[in-house]
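As C-alpha cells, the structure follows; a few thoughts come after it.
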Amino acid sequence: MRHLARLADYCSITNMHTKNLAIVWAPNLLRSRQIESACFSGTAAFMEVRIQSVVVEFILNHVDVLFSSKLSSVIRDGAGACP
C-alpha cells in the first residue's frame, strides 16, 4: 500500500492519483468471490467494485496513519485490554 501511495505522489507525471490507482487495484486487493460468481449481475458487480475502490482510495490517502508503527503499537497494546 505504501508503494501505491508513493506512486500517487507522482500523479502530475503519471496521472495516476489515488482515485485512479484505487480503481485499478481494488478488484485485486479486495477480491470478492461473490463478484466472480455468475449470480452477480453487471450492475451489482459494478457497485461492489465501486465500494472496493472507495475503500482502497481511503487507505491510500491515509496510508501513513493506518500503517504507522505508533498505531500498530496502540492496537497491539490495547488489544487485550477490557474497558
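The values are calculated or read from the model by the stated rules, or taken from the named source; none is laboratory data. Note that the structure is predicted; figures quoted are calculated from it, not measured. Every residue, glycine among them, receives a Cβ derived from its backbone with ideal geometry; neighbour counts consider all protein chains shown. To get the accessible areas, we keep the full protein, side chains included, count just its heavy atoms, and leave off ligands, DNA and RNA. Shrake-Rupley method; radii C 1.70, N 1.55, O 1.52, S 1.80 Å.
Side notes on the structure shown:
- Within segment 5-33, the residues that satisfy the criterion of being touching a residue at least 24 places away in the same chain (Cβ under 8 Å) and either assigned to a loop (DSSP other than H, G, I, E, B) or open to solvent by 70 Å² or more (accessible area, probe 1.4 Å) (or both) are LYS19, ILE23, TRP25, LEU29, LEU30.
- Condition broken by PHE58, with the remaining ones in (1) at pLDDT 90 or above; (2) buried (at least 16 other Cβ atoms within 10 Å of the Cβ) satisfied: (2)
- Considering the conditions (1) at pLDDT 90 or above; (2) within 13 Å of LEU4 (Cβ to Cβ), LEU66 is excluded by exactly one of them, (1).
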